[in-house]
Number of protein chains: 2
Amino acid sequence: MTTIAIPLFPRFTALDAIGPYEVLQRLPDHDVVFIGHARGPVRSDNGFLGIEVDATFEELARPDVIVFPGGIGTRSLLDDERVLDWVRQAHETTTFTTSVCTGSLVLAAAGLLDGLDATTHWGARDILAKYGVTVSEARVVEHLDRRIITAAGVSSGIDMALRLVELLVDRTAAEAMQLMIEYDPQPPFDAGAVDKVDDAVIERVGEYASARN
Amino acid sequence: MTTIAIPLFPRFTALDAIGPYEVLQRLPDHDVVFIGHARGPVRSDNGFLGIEVDATFEELARPDVIVFPGGIGTRSLLDDERVLDWVRQAHETTTFTTSVCTGSLVLAAAGLLDGLDATTHWGARDILAKYGVTVSEARVVEHLDRRIITAAGVSSGIDMALRLVELLVDRTAAEAMQLMIEYDPQPPFDAGAVDKVDDAVIERVGEYASARN
C-alpha cells in the first residue's frame, strides 16, 4: 500500500489539495490521508470550507508521497518547526515530495529546495526567491533525482498529479485517471497566466484579494 | 449578498464541489455554504475525505445559486424526497441552478431537466437518458431561460464556474478568477474524453472502478 499525505492547515487553498486528491484517490493500493496539527476540521482561506484532518503529522511520519498544498495560511508554517521538521524527516524516505501553489514555500523553508529551481503561485514568486530558490514560471517543475516536484498556482496540481500517477504506476493509469475526472479542459476564457491578461484583470484580482483578506 | 449552496452527501466526488467552490469563493459579496442532511462531516466516495456540512437543506431553503456536485452517492438521492423537494423549491427562486458530473441526475430526478438537453459524466449518460433528458456530450450545457446549467464529469465544473462568474458579475471577474487559480491547463496527456483514448485506458478505468467500489 502506498500512503499519500496531504497536509492541511488553517487557511489552506482547497483546490490545491483536492485537485491532486481527486486524481490520486482512484488508484487501487494507494491511500490518501489528510494530516495536520490536530485531528478534526480545519478551515480554508475564507472559512467557507471545513475539511477533516484524519491524522496528526506525527501519526503519519513516513508517508510514501507528500502533496503539500498552498494558501495564505502557508505563511504561518514558514517558521513552524513542527511542520518543517516533519517535512524534512518525511522527505528522507518518500518516493516523491510534491507541492502545489504556495506549498513550495514550505518545502523551501524546510530547505528541501536548496540549489533547485521550483515553481509556485505567480503571486508568490518573490517570496520563493527569498529562500534562494531559482523561481521557474513553468507549470510543473520536476527534479526526479531529488524526488521533488513543484506545481504552480492552484489548478496546476491536477496536471502535476497526472504526471505523478505516471511515475507511481504507468502512463495508462494516468490516462485512466484523466478520463475518470473527464479532464478535457475547455476554459471559456484564456486568462490563466499573468502574461495572458490585460491590466483590468490584474486590477480586479487586487480588488478582490483585498476584499477577501 | 449572493448565497451559493453546494449540497454534499455521503460518497460525493470532491472535485465536483471544490472546483466550482474555488472559482466562486473569491468573489466579494458571494458566500458559499456547504449544505446537507445534517450538520457535520460527510465522506467522499472512498471515505478518504471528510468535508463539513455547515447548514441543513432546510436551513438554506432559498439560495441564489445551487451547484449540485456528483459522485456515486447521487444514486441514493434519486428517490430521496427531502433532497428532491429542496432542489425543486429552491430552484423556484434561484438565479442559477447548476450541476457538475452526476449532479445532473438529481436535477433530472427532481424534474428540473424536463424537456431540456443536459450533460453529465460520460459514464452516467445512460442513467440521465432514463429520465427522458436529451443527453448532450458537451462539457457545459446552458439553458439561461430556465436558469439551468449542467456540466460534464468532475473537472468540468471549473469551466462551468468560470462561465457562471461571467453571468453573475462580468467577464473581467471571471478572468480574474481564472488568473487567481492559475487555470492555464497543461495536461500531460490528451485522455480527457472517451473518444480520445484507446481500449487499454477504458479497460484500466473499469479495473480501477471495480477495485474501489
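The values are calculated or read from the model by the stated rules, or taken from the named source; none is laboratory data. Values in this document were obtained by computation on a predicted structure and should not be read as measured data. Cβ placement follows ideal geometry from the backbone for every residue including glycine, while neighbour counts extend to all protein chains displayed. Accessible surface is based on the protein model in full, side chains and every heavy atom, while ligands, DNA and RNA are left aside. Shrake-Rupley method; radii C 1.70, N 1.55, O 1.52, S 1.80 Å.
When only alpha carbons are used to place a centre, segment A:22-48 and segment A:107-172 end up 19 Å from one another. Rounded, prolate or oblate: which one fits segment A:1-88, using the alpha carbon gyration tensor with axes a ≥ b ≥ c (rounded when a/c is under 1.5, else prolate when a/b beats b/c, else oblate)? It comes out oblate by the Cα gyration axes. Calculated mean residue ellipticity at 222 nm for chain B: -10000 deg cm²/dmol, from DSSP H runs with n ≥ 4 weighted as -39500 (n - 2.57), summed, divided by the residue count and rounded to 500. Near residue A:129: Cβ cut-off under 13 Å, other residues only, Lys/Arg at +1 and Asp/Glu at -1. The net charge is -1. Once B binds A, the 1.4 Å probe can no longer reach about 6600 Å² of accessible area, counting both sides.
For residue B:145 and residue A:59, FRET efficiency with R0 = 60 Å and r from the beta-carbon atoms, rounded to 0.05? Kindly include the intermediate steps, with their values, before the conclusion.
On the way: r = 53 Å, r/R0 = 0.88.
Efficiency, from the Cβ-Cβ distance: 0.70.
Give the cross-link partners of residue A:196 among the lysines, using a straight C-alpha distance below 17 Å as the criterion and excluding same-chain residues fewer than 8 apart. Here the lysines satisfying the reach criterion relative to residue A:196 do not exist. The convex hull defined by the C-alpha atoms of segment A:50-109 has an orientation-averaged projected area of 4.0 nm².
Simple spin-label estimate for residue B:210 and residue A:209 gives 5.0 nm between the two label positions (7 Å along the Cα-to-Cβ direction from each Cα).
Between rounded, prolate and oblate, where does the protein assembly as shown land on the alpha carbon gyration tensor, with a ≥ b ≥ c its root eigenvalues, rounded for a/c under 1.5, else prolate if a/b exceeds b/c? The partial results should precede the final answer.
Numbers: a/c = 1.57, a/b = 1.39, b/c = 1.13.
Note, shape of the protein assembly as shown comes out prolate.
For chain A, what relative contact order do you get, as a whole percent, if you take Cα pairs closer than 8 Å and at least 6 residues apart? Worked out over chain A, it gives 18 percent.
Of all DSSP beta bridges in the protein assembly as shown, what percent run antiparallel (nearest 5)?
Values: 17 of 59 bridges.
Restricted to the protein assembly as shown, the bridges split so that about 30 percent are antiparallel.
When a/c reaches 1.5 or more, the comparison of a/b and b/c decides; with that in mind, is segment B:57-213 rounded, prolate or oblate per its Cα gyration tensor? In terms of gyration-tensor shape, oblate. Using a Gaussian network model of chain A in which every pair of alpha carbons under 10 angstrom is joined by a spring, one finds that among A:135, A:201, A:32 the greatest mean-square fluctuation is at A:201. Give, as a single signed number, the net charge of other residues whose beta carbon lies under 15 Å from the beta carbon of residue A:140, with Lys and Arg counted +1 and Asp and Glu -1. Counting the neighbours of residue A:140, the net charge comes to -4.
Calculate, for the protein assembly as shown, the solvent-accessible area per residue in square angstrom, rolling a 1.4 angstrom probe over the heavy atoms of the protein chains. Walk me through the numbers on the way to the answer.
Details: 14530 Å² over 426 residues.
With the other protein chains kept in place, the protein assembly as shown gives 34 Å² per residue.
With springs connecting C-alpha atoms under 10 Å apart, model chain A as a Gaussian network and identify which of A:38, A:193, A:109 has the largest mean-square fluctuation. The residue that fluctuates most here is A:193.
Each copy carries a label point for residue B:56 at 7 Å from Cα along the beta-carbon vector; from one copy to the others these points are 3.5 nm apart, nearest first. Full extension of the segment from residue B:202 to residue B:82, taken as 0.36 nm per residue of separation minus the current Cα-Cα distance, would add 39.6 nm.
Considering only B:54, B:184, B:45, the Gaussian network model of chain B with Cα springs below 10 Å gives its largest mean-square fluctuation to B:184.
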